[in-house]
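A short worksheet on the structure shown next.
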Amino acid sequence: MSQTELVTAPSSQSRELQPTTTPVKTISTPAAHLLSHALPLVVAGYFYLRFGALVANPVQTLLLDLFPIALLQCVQAVVCLPLSKGNAAADHIKSSTSTKNIPTRTVNAILALLLAAFASLPVFILLVLFGAPLTTHHPQTLLCAAHFSLLAVFPLFYTHGIEKQAWWEIGGAMLPFDTVWGTTVGVALGAWLGAVPIPLDWDREWQKWPVTIVAGMYAGALFGNLIGRYILYGKRLKFRPDNEQHQGEENLKKTS
Amino acid sequence: MASFHKPDRLAIWFLAAANLLLPIALLIFATGFFPYKPFISGVNQFNQVDLESRPEAPFEKVVFMVVDALRSDFVYSNNSGFSFVQSLIRSGDAIPFTGHAKSPTITMPRIKALTTGSIPSFLDVILNFAESDTTSTLANQDTWPLQLSLTKGGKINMFGDDTWIKLFPKLFSRMDGTTSFFVSDFTEVDNNVTRNVPGELERADWNGMILHYLGLDHIGHKTGPNSPNMIPKQKEMDSIVKIVYDSIASELHLVSTLLVLCGDHGMNEAGNHGGSAPGETSTALVLISPKLKQISKGYLSPVPPPTDEFRYYKMVEQSDIVPTLAGLLGFPIPVNNLGVFIPEFLPFWSSVQDKQWLLRKNIAQMMDIVKPAFSSIPFDIPPAAVYCGDPSGDANRLYCGYHNATQSLLSDSDLDEGINHAYKFLHDVQDTLGSVSSNYNMSSLVGGVLVSIAACIVAVFSFIRAASSARVVPSSLPILVWISIIQILYGIMMFASSYVEEEQHFWYWISSAWLLWLYMARYSSSKISTVLACVVALAASRVIRRWNQTGQKFAGEPDIAKTFLLSHNRLLWILAIVTYLFTMSKCHWRSPSRLSQLAAFSSNAFTLLVAMAFKVDFTAADAPELLEGLPFAIRIQAMLKHYSLPYLARHVFSGVSFSILIPLVLDRGARAKAQPVSGKLPIPFVLTRTNKSQSHRIYTQPSLFSY
């Protein structure tokens, strides 16, 4: 079976959609420019300062910290991130990247916050699938999921709303990199890498669940934000070569 | 269909070179990892002067009672079944220690340490399993049982773990060996030892009796240190100590008998052993005799848990028992001994000369090991005083310590000072020659690693050449990327010792990410069912993750197999039956000939039935608790009473061979015509079934470890 045959074979079964979402541009006013760099650092710094308390009492610390982190995230979203297209249209503003209309933006942020809170539950299930304890540590894992949601899912809701196309792309990790998607990937990768120190025999207090996962998430948020914004901006994750994009399943059937 | 039709010559050469380098690397590494250990042959003897000057020995006979996996807290803690031993500790009839067992903490190397006083290497772990290997015996080595048998009227009896009988062929006069093939046997294996004890205690014709009880170790392997079976077993062991002690106290011919109660190794929280965790290396070591009241006022017992886990009372090396027995029973110290006479027993001798004599003998014997190890040092010539002001390096420190100790032992004036110097030197030798670093040849280890890295680089070159010349199929690229990532991370992981013990976590971790990757790769183009399959696979991998608690760190914590399935054994058997039926359905061979189809089916069905019968029967012997409350399984087992396990196993294997052979023979003609899709050869599935019959045990520890 030659290579050309593969490419020209009809793809009757595939319901191929193309990722079309454009990367998010941060608002370009000087205040937004400054805050979009400062606030991720403030969030990371705040976490760093609270690390001792997190180790000492994870549940209480994670619960209390939800509020300041939510506030910081909201401020960052309202000042630096553009509204989702639907909301921007309803707002009668031509450019969604202006800093006007703070009340609309605040309402949008609060709505996104609510949606992110609901998203904690699927994130919780995802964490369990990836190895979080199922029968114990429920408050810890749930709060860990809430922080995940706050860091990684909230900005997605704020910038993409509930657009079908965007969320379809999020489901397949096909969004183009930008400051928001970079953060999301960074948080997920950080949470995954955060599991590495747990089995080590160092017998340290901070190895307990879910301290390292949360630490990985916060570190991932900071680095993911910067990398998504500056290094990988506009690029998409690719899980298989281009010429196979349409043909994955059919190929498998024919070659076996 | 990959186009590897034009092989690249250079790539093949590179590949050949890589394959050649690997065994070389292994060989270089092995020479460093299993170095030649200086071994002194021959048997230590007292010379004429020694025979005249030697101090009188307080004991003539010894009962050496080994309880397999007797961790220190089993005897000393508040929650112990050894109430009689604890009462002896309080009254001063017994002196307790925590015996430190060096890794590998499995029985045979530990017995070697307990009898020769030397430190067995990891090579002994291999020999522990290769039991038939006669090179691993101690028949030609100097050990305390040998020394004891050479004393006047020396006669030694052995009852218990037959490892001893294999290690000391022909040494024992009367013996009764037990094996631990079925770890589920908690009682018979010990009753077979105990039944010999009362009769032996009435006889006066022996001066050494070794007892090795395996039951406690079996309980540990099966159900862990907190098992409900543990305390009754400890009480049983305690009652045996009481029988022996009472005989020593009452029988005249046993009046100078020393009873040693010790564990060969401990166990971790899952009941397993082999590693170097505190639970595994801390053993109980108690010396018991009414005579010990002369030198002991008694110790507090039971004691609260120590701050240093499992470190109760004084910590001594296991090998220290060897020179101590030599001193207490009055025979020469075995030549390869690195143990130090336990100072608590020095008060048995009132005269200064006797104490000094014992320590001088210990030092002299150890010097026979030290001198070949540091052949450049002139140990016999006293060093200049200036030279020893600040000795540098192991050799110089031992050189100065040796002369310091011998000189101060000779002077009668300052007794304590001399003894302190002697112990300082003895412990220095023990630490220096016993440390792990001295066992390995570091340059060979590094050399081996470097050569294997070179092999890797060459192999990568070969791969790149082959890939660029033959053009790798694009669809395999993500797989190649993943395999490379896994290889690199796995290689790095091997440098973290905890990840060597917890390797399963690495595979769980990386496989969950890989499943996510597969999900992403299928997301955009395919049906929802494919995506769902990835999610189901992820969920299944999550179940596997908690199926068995393996590794060290989370050993003994709840898991599905031990916590859930043990109480839901009906579900376990349903799962087993489904697995068997699934395997059989996969063995289905589509053939044009009715006859061969029928033959294959009946052969498969026969194999399936016998395999399941074997499984039930083996479980009944090995893990009877899994059959509890299942009358059907018990009835099957009753039906199988007349067939031995090997008999059933043989039929499983012949059924498997038939299942493989029938399609091969009957369909020789038809196979050429058969479409490749219509039927795969059933061999892998048939072999799967064989494996399943063997590895049905839900406990991960093989019974071999209890040897």
Subset of the stretch B:75-118 that is assigned to a helix (DSSP H, G or I), in contact with a Leu (Cβ under 8 Å, 6 or more places away or on another chain) and farther than 22 Å from residue B:297 by Cβ - its residue that is modelled with the lowest pLDDT: B:108
So which residues in the stretch A:155-165 are assigned to a helix (DSSP H, G or I) and either facing chain B (nearest Cβ under 10 Å) or more than 14 Å from residue A:81 (Cβ to Cβ) (or both), if there are any at all? A:164, A:165
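Suppose we filter the stretch B:302-331 for residues that are in contact with a Pro (Cβ under 7 Å, 6 or more places away or on another chain) and either touching a residue at least 60 places away in the same chain (Cβ under 8 Å) or buried (at least 18 other Cβ atoms within 10 Å of the Cβ) (or both); how many remain? Give the derivation first.
Going residue by residue through the stretch B:302-331, those that are in contact with a Pro (Cβ under 7 Å, 6 or more places away or on another chain) are B:309-310, B:312-313, B:322, B:326, B:328.
Still in the running and either touching a residue at least 60 places away in the same chain (Cβ under 8 Å) or buried (at least 18 other Cβ atoms within 10 Å of the Cβ) (or both): B:310, B:312-313, B:322, B:326, B:328.
Count: 6.
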Just checking: which of the helices (runs of 4 or more DSSP H) contained wholly in the stretch B:481-596 hold 3 or more residues that are more than 14 Å from chain A (Cβ to nearest Cβ) and without any contact (Cβ under 8 Å) to a residue 40 or more places away in the chain? B:569-586
How many residues does the stretch B:169-217 hold that are acidic (Asp, Glu) and surrounded by 17 or more Cβ atoms within 10 Å (Cβ to Cβ)? 4
Answer with yes or no whether residue B:277 is assigned by TED's automatic domain parsing to the domain that holds residue B:191 and surrounded by fewer than 24 Cβ atoms within 10 Å (Cβ to Cβ). yes
Could you look through the stretch B:247-263, keep only residues that are modelled with pLDDT under 95 and part of a loop (DSSP other than H, G, I, E, B), and pick out the one that is surrounded by the most Cβ atoms within 10 Å (Cβ to Cβ)? B:256
Find all pairs meeting these conditions: Cβ atoms under 7 angstrom apart; at least six residues apart or on different chains; first residue within the stretch B:357-379 and aromatic (Phe, Trp, Tyr); second residue in a helix (DSSP H, G or I). B:357/B:53; B:374/B:395; B:374/B:398; B:379/B:367; B:379/B:371; B:379/B:399; B:379/B:402
Residue in the stretch A:125-164 that is surrounded by the fewest Cβ atoms within 10 Å (Cβ to Cβ), counting only those that are among the aromatic types (Phe, Trp, Tyr) and within 14 Å of the chain's Cα centre (by Cα): A:157
Can you pull out the residues in the stretch A:203-255 that are exposed (fewer than 15 other Cβ atoms within 10 Å of the Cβ), more than 8 Å from chain B (Cβ to nearest Cβ) and either at pLDDT below 85 or farther than 30 Å from residue B:498 by Cβ (or both)? A:203, A:230, A:231, A:234, A:235, A:238, A:242, A:252, A:253, A:254
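Each row is one residue, and each column tells you yes or no for (1) within 14 Å of chain B (Cβ to nearest Cβ); (2) without any contact (Cβ under 8 Å) to a residue 12 or more places away in the chain.
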site	(1), (2)
A:118	no, yes
A:135	yes, yes
A:144	no, no
A:149	no, no
A:175	yes, no
A:186	no, no
A:189	yes, no
A:195	yes, no
Could you please tell me which pairs satisfy a Cβ distance under 6 Å, a separation of 6+ or placement on different chains, a first residue in the stretch A:18-41 that is within 14 Å of chain B (Cβ to nearest Cβ), and a second residue that is among the hydrophobic types (A, V, I, L, M, F, W, C)? A:19/A:174; A:21/A:166; A:21/A:175
Could you check, for the stretch B:566-588, whether at least one of its residues is over 30 Å from residue B:549 (Cα atoms) and buried (at least 20 other Cβ atoms within 10 Å of the Cβ)? yes
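The values are calculated or read from the model by the stated rules, or taken from the named source; none is laboratory data. In this text, all values refer to a predicted model and were calculated from it rather than measured experimentally. Note that we place each Cβ from the backbone using ideal geometry, even for glycine, and neighbour counts take in every protein chain shown.
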